[in-house]
Each structure stands twice: as C-alpha cells, then as structure tokens.
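Below: the structure, in structure tokens.
The values are calculated or read from the model by the stated rules, or taken from the named source; none is laboratory data. These numbers come from a predicted model, not from an experiment. Cβ sites come from the backbone with ideal geometry, for glycine too, and all protein chains shown count toward neighbours.
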Amino acid sequence: MHYFIGLDNGGTATKAALFDRNGREIGSCGIATKAITPRPGFVERDMEEMWEANCSVIRGVLAKTGVNPADIAGLGISGHGKGLYLWSDDDRPLRNGIISTDNRAYAYPLRWREDGTEEKAFQYSAQHVMACQPVALLAWLRDNEPESYEHIKYIFECKDYIRFRLTGIPGAELTDISGSGLLNLHTGQYDERLLELFGLSEIRYALPPLCRATDICGKITLNAAAQCGLRAGTPVIGGMFDINACAIASGVIDEDKVCMIAGTWSINEYIRKTPVLDGTVQMNSLFALPGYYLIEESSPTSAGNLEWFIRQLLPELTEQVKDLGGNIHALVDEWVEETPPQEFVPLFLPFLMASNVHPNAKGCFIGMAANHTRKHLVRSIFEGITFCHRYHFDKLTETKAAPPSVIRLAGGAARADVWAQMFADVMQVRVETIAAHETGALGCAIAAAVATGEYASLDEAVANMSSVAGVFEPNRELADVYDWKYAMYVKSIGLLDGLWEDLQLLVEGKKKPLG
C-alpha cells in the first residue's frame, strides 16, 4: 500500500496528515504556530523553530499511524502564501520569517498606488500590491534593515523554505511565487521590469529556480531523514500555495465552483482560463491545474478572529470544558445556535490582524448593549467573518459569466454545521464541505500521488481522493434577515473609513490634533 503525506504550514498551525490512495485520512498531527509580534503590525516566526515543528509533526503522524516510512511514496508541502522567508549567504535563516498577516509594509502599496507604480506593474503581474507580498516586504527591508537585505542568498515563500530544508535544493513553486508580485503572469517567468519598478533589481540573483506543483523537486536528504523520521530518498514535490491545495482537495477543478477557506485568512476563489485584467479583483495567480488561473479575493479576516476571542476572552472556560472532556469550539457552536439570526447582536468587523477595506482598520464590535452576553458576541463574530467573506464573494461573482452552482467550504467554518449553514444563508448558495479534515494537506497528497505515478492526472486523482461530506442548502426565509445585517456591516465600514488614519497615529505613538 502506498501512502502520501501532506504538510500544511498555516498562519496559526503546522500540520502533517497521511492519506492512502483513496484520499482516506489515516491520521494527522499538528502543532500551534508560535507567532512573534515585536511591534504592532509585525507578525514573525522563528525559521529554525518552524523547521523543527515540521519535523515534529512528520514524526508525530508516523508514530500515530504506525505506517512504515518505506511505504510513504511521496510528500507534498503547502503553506500560507505571501510573507517572506530569507536564507542567508552564510547558509542559515537570515532573520525571522514574516507571516502573511504582517502589515509593517502597509505604506508601500499606498505609495505605489499613488505614484503609478502599481498600475505599471499590473500589466505584467496582473495583481494589486498587498503589504504582505514579498515585493512590499523586500522594499521595507531594503529601507529599514539594510544589514539583512545585503546578506540575502535565497528568497523563499513559506513552503518553499521547508522543501529546501528537506531536500537541500532551492526552488520557487509557481502557484506560490505567482502571488508574490515578482512573476510575470503572462509568461510564467520572473520579470526584470517588475524588479526595476519596485526598486529590487539588485536581488535578482536571490530568486530560486522555478518549479511546478507536481514536479518532483528533490528527495529527503540523510540529514533531514534523521530529523523527521522519513526514509532518505523519499520524493518531495513542488507543493502548492495552501489555497491552491484546498481548492484541489475540494474538487474545484472546473469553473462552476467557488472555494471558500475560513482559516486565518478569508480566502474566496475560483478558476478560469484567462486572468481578470480590469482590476476589479484583488489577485490573479497561476493555478496548480495547467492552463488555469486562480482568481482570488482574500484578506486575513476570517476564523483567526474567533481563535483570538477564545484564546484571550475565554481561557478559563476553555480549561473548564477541557477538564470535563468537552471541546470549546463545540460549546461556542451551541451558543451560536441558541441565538437566532433575527436577534440583534453587535456588528463585528473582523479586522484584528488586518483588513480588506483600509490598511489601518482595526477590529471592533459596534452596537453593544447591556443585555449582550458572550453568546451574543460569539454570534457577532461568526456573522462578521461570514459577511467579510461575502464582501469578497460579491466581487468575485461580478467577474463570472454565470453564478456558481456551489461553494466548497474548507477551514474552521467547515467543521461547524451551524457555521457552514450560515455561509449558505448569507451567500444564498448551496455549500458543501469535504470529508477530509486537513484539506490543505490532502491537496498536496493528491499532487504527490500524481507526481509519483499513482494517478495519471490531477483530474483523475481528485476524482478518486476527494469526496463531499456535508451539504447545506440556503434557507430562503433568512435571505432578507442577512441582507439587512450585511447592509449595516457595509455601511459601518464606510462610516468608519475616516477614523483609521488618526487611529494609526495613536498606535504609532504620534500626536495629531483631531478636527
């Protein structure tokens, strides 16, 4: 029997899952991501600790499942896109990695938008620039950490760094690097004109060779094998940007479906054979399925907000529930079910980590009253996150020739029936969830099965390894209720738009008279 391991390096957790050729999840192992936040808007990760975490979850899933490492036919890695992981010219991590929720470089996209740089770059990259993209972060390092910038040997995205540690071979996989601002989306190659526009020409040498998701890009080295427990020589594929991996695992291999991922990021995406070039969507990138582009609307505004609420405001309750053998997430799901959609709860703007409406917008509850309890606030969070997905979803649907027939939902929301139903009711589209718990890892396992010859194509592998677990039809009677609430959500965003610049001055300890 052949097995496949998928690694998933997200913003909040590192996970490994093992699958058989039918896509059955044999077992998984996960470790919470230790984020470093040295200043407001800065979100980093120790790169050596990150490598050790990947080795730990691989050893963990092997121990948990009892599968012989010799039976692992291949390994694929997914990871959060954007962010920045740098390897030094003295062959070690150059500095902490920068996670995709980092907002330190927010001023660069604003400047490039105002001076026309973004418009010029768009004709090559087909992307609006984001603060968390490598181009913005590299420009920030150039101006603020020249001692780091001068010693870059390799520029990596998250999962490409882990693949390098496993195989010793540097590479930049296309689904990931095509969202960096460094790649010409029309040619599928690095473009000197983009580097010149962003003032980064001098680090062209640090961009690794390009590879594809299903390419075998190397094999587990003896040193890596000793650390992670896999057999030396095990094939490692290019892997994927995690939102590609989730789309593949969710069976999104045609233009009719939309994939939503409610994790740290609010990911909303579909595929098509041409990019959207009128500027109405946030991101075009290359998809893992040859001949397709991934059309994406996203922001770090999703289920991570709920995790913050649980971690910061319910720590004692979490321990009490755990001591009783329960699960805090199951409890908050019950709280949401107990509060009907028609009841007024505060509006929640899910901008604790960053925002999709203003670079300095912050999270907030609007309309709290004395009768509101923690139960009401949890429903507020569920609704606010779902409304933020709709904000992106509405932009996507305007670019589609026909409305989607179904939304394939992954991430935290997919694990709670009450939340999956809310997505169906707010979007008024049928929602389906996938049987595999770790969809990012499954997508990489599917790609590894293709790369190692278990299946002839991604289409064939998806047909055999991906299956639907839950179906949620939209409740038409709730359409008006949620439309009204969503209208208030959008209105509040507009009314608060003038506040965020002054608030950022307060965050940075600067003074400015209000008026």
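Numbers for the structure displayed
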{"read-out": "Which listed residue is assigned by TED's automatic domain parsing to the domain that holds residue 83 and of a type in the set (D, E, K, R), from 256, 278, 215", "value": "215"}
{"read-out": "Extreme residue, surrounded by the fewest Cβ atoms within 10 Å (Cβ to Cβ), among residues of the stretch 262-277 that are in contact (Cβ under 8 Å) with a residue 24 or more places away in the chain and in a loop (DSSP other than H, G, I, E, B)", "value": "277"}
{"read-out": "Members of the stretch 1-23 found to be part of a loop (DSSP other than H, G, I, E, B) and over 16 Å from residue 245 (Cα atoms), listed by number", "value": "1, 2, 12, 21, 22"}
{"read-out": "Among residues of the stretch 356-379, those that are closer than 22 Å to residue 129 by Cβ and either free of Cβ contacts under 8 Å to residues at least 40 places away in the same chain or not in a loop (DSSP other than H, G, I, E, B) (or both), counted", "value": "0"}
{"read-out": "Among residues of the stretch 397-444, those that are under 18 Å from the mean Cα position of the chain (by Cα) and of a type outside the set (S, T, N, Q), counted", "value": "18"}
{"read-out": "Residue 309 at pLDDT 95 or above and out of contact with any strand residue (DSSP E or B) (no Cβ under 7 Å at 6 or more places or on another chain)", "value": "yes"}
{"read-out": "Failed criterion for residue 262 (all others in (1) out of contact with any helix residue (DSSP H, G or I) (no Cβ under 8 Å at 6 or more places or on another chain); (2) at pLDDT below 95 hold)", "value": "(1)"}
{"read-out": "Those residues of the stretch 360-383 which are closer than 16 Å to residue 499 by Cβ, buried (at least 19 other Cβ atoms within 10 Å of the Cβ) and not small (Gly, Ala, Ser), in sequence order", "value": "360"}
{"read-out": "Some residue of the stretch 206-222 being part of a helix (DSSP H, G or I) and charged (D, E, K, R)", "value": "no"}
{"read-out": "Candidates 486, 482, 455 - the one that is under 18 Å from residue 357 (Cα atoms) and either hydroxyl-bearing (Ser, Thr, Tyr) or modelled with pLDDT of 95 or more (or both)", "value": "486"}
{"read-out": "Candidates 81, 76 - the one that is part of a loop (DSSP other than H, G, I, E, B), on the phi < 0 side of the Ramachandran plot and either at pLDDT 95 or above or touching a strand residue (DSSP E or B) at 6+ places or on another chain (Cβ under 7 Å) (or both)", "value": "81"}
{"read-out": "In the stretch 108-127, residue nearest to residue 11 (Cα to Cα) [restricted to those that are surrounded by fewer than 20 Cβ atoms within 10 Å (Cβ to Cβ) and either touching a residue at least 40 places away in the same chain (Cβ under 8 Å) or touching a Ser or Thr at 6+ places or on another chain (Cβ under 7 Å) (or both)]", "value": "110"}
{"read-out": "Neighbours by Cβ (under 8 Å, 6+ apart or cross-chain): first from the stretch 163-180, within 27 Å of residue 294 (Cα to Cα) and among the polar types (S, T, N, Q); second part of a helix (DSSP H, G or I) and at pLDDT 95 or above", "value": "180/134; 180/135"}
{"read-out": "Selection count, the stretch 170-213, where residues are among the hydroxyl-bearing types (Ser, Thr, Tyr) and within 24 Å of the chain's Cα centre (by Cα)", "value": "4"}
{"read-out": "Neighbours by Cβ (under 6 Å, 6+ apart or cross-chain): first from the stretch 79-105, without any contact (Cβ under 8 Å) to a residue 40 or more places away in the chain; second part of a loop (DSSP other than H, G, I, E, B)", "value": "105/131"}
{"read-out": "Answer residue from the stretch 463-488, given it is among the aromatic types (Phe, Trp, Tyr) and out of contact with any Asp or Glu (no Cβ under 8 Å at 6 or more places or on another chain) and is surrounded by the fewest Cβ atoms within 10 Å (Cβ to Cβ) among those", "value": "484"}
{"read-out": "Hits in the stretch 305-320 - residues which are closer than 19 Å to residue 417 by Cβ and of a type in the set (Val, Ile, Thr)", "value": "310"}
{"read-out": "Qualifying residues in the stretch 250-265 (those that are hydrophobic (A, V, I, L, M, F, W, C) and in contact with a Lys or Arg (Cβ under 9 Å, 6 or more places away or on another chain)) - the one nearest to residue 49 (Cα to Cα)", "value": "260"}
{"read-out": "The listed residue being assigned by TED's automatic domain parsing to the domain that holds residue 131 and either of a type in the set (A, V, I, L, M) or more than 19 Å from residue 59 (Cβ to Cβ) (or both), out of 181, 229, 251", "value": "181"}
{"read-out": "Residues within the stretch 273-304 that are farther than 28 Å from residue 363 by Cβ and touching a strand residue (DSSP E or B) at 6+ places or on another chain (Cβ under 6 Å), tallied", "value": "7"}
